[in-house]
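Student: Structure provided below as structure tokens; questions to follow.
Every number here is computed from the coordinates shown, using simple stated rules; none is lab data. Since we're looking at a predicted model, the values are computed, not measured. Note that each Cβ is placed from the backbone with ideal geometry, even for glycine, and that neighbours are counted across all protein chains shown.
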Amino acid sequence: MTPDGKGEANLGQNYDPEARRDTPLALKLKARIQRDGPITVAEYMAACLTDPEHGYYVHRPAIGAAGDFITAPEISQVFGEVIGLSAAVVWQQMRCPAEFRVVELGPGRGTLIADALRASRIVPGFREAVRVVLVETSETLTRVQQLALAGAGVPVRWVAAAGDVRADLPTIVIGNEFIDALPVAQFELGVDGWCERCIGLDAGGRIIFAAPHPLPGGTLPWNAIYPGAKPGMIVERRRQFIADAFAGSERFAAVFLDYGHPQSLAGDTLQAVRNHHYEHPLTSPGEADLSTQVDFAAVAREAKSVGLSTDGPVTQAEFLGSLGIMERASRLMAKNPAKAGAIEMGVARLMSPNGMGSRFKAIGLRSPQLPPLPGFPVVDK
Ligand code: SAH
């Protein structure tokens, strides 16, 4: 079965940490390393996912039964529908601005946003006011999204990077399985301080994790975040992705769903999924999906550092449950008895306590002027 999200491929029988394939990107990276020396893990991840010639997301369909993993919106239409309805509630909490933006980061096949827009038709005024912006790096997926939204009947625009979104309108951001694809830097604590983990070549020219580069000064302010850090410990840090531009906005809200953990944990979580199986992250550069677990505490710290309030994180099951996914699914089943079994199975997969329901978490970010976002408990942090 296609894995539920990137976090759930079955560990293949043939997982081989020594396997290296000479993919076109592997050859390109080897030439680069021979010329310029080792590259950082963040540079490796960025090349594997978004190299303009050979990046994983640049030419591949990636998501769905024909891809390497399947995501929540592809499992059940109810996922996008309840998120669309919750966006309409936030728009109302923003006092129904006549023009506002819904931005989706990494929209995949465009299924979530298409379902969200369809469901929100019942909210008077929402569709007239909404301007959709899709942030997508992949040309292949952009074309799929254009088809998915062809009949949406609202203005849609595409941009290549989150930094291209302006803060001149009230804005609601949605990102499902987006943050995990943003490159992380890995740092390792050596006897003399923190070093950045790098990727180089061994004597035989194979791509390997190389001796880490010492950081100037040797220290980073993480001793407070990871008390008791010992030599050999690896920590991951993602580049800031929430635009500073939104810091001062009075009407900004964002919801991110992803697999990860609520506290900052040490450890190397870089993983590769190809053909529905895990493989070593250095095996197939550009031909496997690379991702890392999301550190939700770090996302919250970043949001707070730009003056935003945060809600959650809560598990995906709690979030979807409190948005009323069960009620919505029951109504859909009553209307489509022939599809009731499939609808029930899809929702069970999203809510599963041993699967996506608990491994995936949701976090909300918002201007402090707004009330807690729908789907999150009302505890102001
Ligand atoms: N949200 C979708 C797809 C998740 S896969 C779903 O739930 O089905 C990750 C998505 O992010 C893909 O659309 C990929 O092309 C896009 N992406 C990955 N890195 C990106 C980047 N740096 N900038 C913009 N989009 C990116």
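Student: Restricting the count to DSSP beta bridges whose residues both fall in the chain, what percent are antiparallel, rounded to a multiple of 5? Can you show the working numbers first?
Tutor: Working: 35 of 60 bridges.
Around 60 percent antiparallel, to the nearest 5.
Student: Compute the Cα gyration tensor for region 287-380, then decide on rounded, prolate or oblate, letting a ≥ b ≥ c be the square roots of its eigenvalues: rounded whenever a/c is under 1.5, prolate when a/b is larger than b/c in the other cases, and oblate in all that remain. All intermediate terms of the calculation are to be shown ahead of the outcome.
Tutor: Values: a/c = 3.01, a/b = 1.58, b/c = 1.91.
Cα axes put region 287-380 in the oblate bin.
Student: Quick one: helix 139-148 against the long Cα principal axis of the chain, what's the angle to the nearest 10°, folded into 0 to 90?
Tutor: The two axes meet at around 10 degrees.
Student: Which of the peptides 302-313, 20-31 is most tightly packed, and how do the rest follow, judged by the mean count of other Cβ atoms within 10 Å per residue? Can you show the working numbers first?
Tutor: On the way: 302-313: 19.5, 20-31: 16.2.
Listed from highest to lowest mean packing, they are 302-313, 20-31.
Student: Would you kindly work out the equivalent ellipsoid of region 92-183 from its C-alpha gyration tensor and give its semi-axes, the square roots of five times the eigenvalues, largest first in whole Å?
Tutor: On the way: eigenvalues 91, 49, 25 Å².
So the equivalent ellipsoid measures 21, 16, 11 Å along its semi-axes.
Student: Between region 262-324 and region 129-173, what is the separation of their alpha carbon centroids in Å?
Tutor: Between the Cα centre of region 262-324 and that of region 129-173, the gap is 22 Å.
Student: For the chain, take the longest principal axis of its alpha carbons; what is the angle in degrees between that and the long axis of helix 296-305, to the nearest 10 within 0 to 90?
Tutor: For 296-305 against the chain, the angle is about 80 degrees.
Student: So for the chain, averaging the separation of alpha carbon pairs under 8 Å that are six or more residues apart and normalising by length, what relative contact order in percent results? If you can, show how the numbers build up before the last one.
Tutor: Details: 780 pairs, mean separation 81.2, N = 381.
21 percent.
Student: With each pseudo-label sitting 7 Å past Cα toward Cβ, what's the His59-Glu344 distance in nm, one decimal?
Tutor: Once both label points are built, they end up 4.5 nm from each other.
Student: Right, something else. Toward the positive end of the charge dipole of region 62-140, about the Cα centre and with charges on Cβ (Lys, Arg +1; Asp, Glu -1), which of Leu134, Ala114, Leu85 goes farthest?
Tutor: Leu85
Student: Where does the charge balance sit around Val135 when Lys and Arg score +1, Asp and Glu -1, over other residues with C-beta under 11 Å from its C-beta? Each step should come with its number before you reach the end.
Tutor: Values: positive: Arg157; negative: Glu104, Glu136, Asp164.
Once positives and negatives cancel, what remains is -2.
Student: Continuing with this model, one more query. How long is the chain along each principal axis, judged by its Cα atoms, biggest number first, in Å?
Tutor: 65, 44, 36
Student: Check the straight Cα-Cα distances from Lys30 and name the aspartates and glutamates below 18 Å, setting aside those fewer than 8 residues away within the same chain.
Tutor: Qualifying aspartates and glutamates at Cα under 18 Å: Glu18, Asp22, Glu43, Asp51, Glu53, Asp202, Glu287.
Student: Checking the cross-link filter: which aspartates and glutamates have an alpha carbon closer than 20 Å to that of Lys339, excluding same-chain neighbours under 8 positions apart?
Tutor: Glu74, Glu81, Asp115, Glu327
Student: With a cut-off of at most 13 other beta carbons within 10 Å, and DSSP calling the residue loop, which GluC sites (Glu not before Pro) in region 20-118 qualify? Please list them. Don't skip to the end; give the middle numbers.
Tutor: Values: sites: Glu43, Glu53, Glu74, Glu81, Glu99, Glu104; in loops: Glu53, Glu99.
The qualifying sites are Glu53, Glu99.
Student: With charges only on Cβ, +1 for K and R and -1 for D and E, what is the dipole size of the chain about its Cα centre, in debye, rounded to 20?
Tutor: Roughly 760 debye for the chain.
Student: For Gln263 and Gln240 in one chain, what is 0.36 nm times their gap in residues minus the Cα-Cα distance, to one decimal in nm? Provide the component values of the computation, followed by the final result.
Tutor: Numbers: separation 23, 0.36 × 23 = 8.28 nm, distance 1.75 nm.
Going from the current span to full extension adds 6.5 nm.
Student: While we're looking at this one, here's another question. Out of Gly204, Pro337, Ala266, whose Cα points farthest toward the positive end of the dipole of the chain (charges: +1 Lys, Arg; -1 Asp, Glu; placed on Cβ)?
Tutor: Checked the options; the winner is Pro337.
Student: A follow-up question, please. Quick one: helix 340-351 against the long Cα principal axis of the chain, what's the angle to the nearest 10°, folded into 0 to 90?
Tutor: 50 degrees
Student: Tell me the label-point distance for the pair Arg331, Asp36, using the 7 Å Cα-to-Cβ offset, in nm and rounded to one decimal.
Tutor: 5.3 nm
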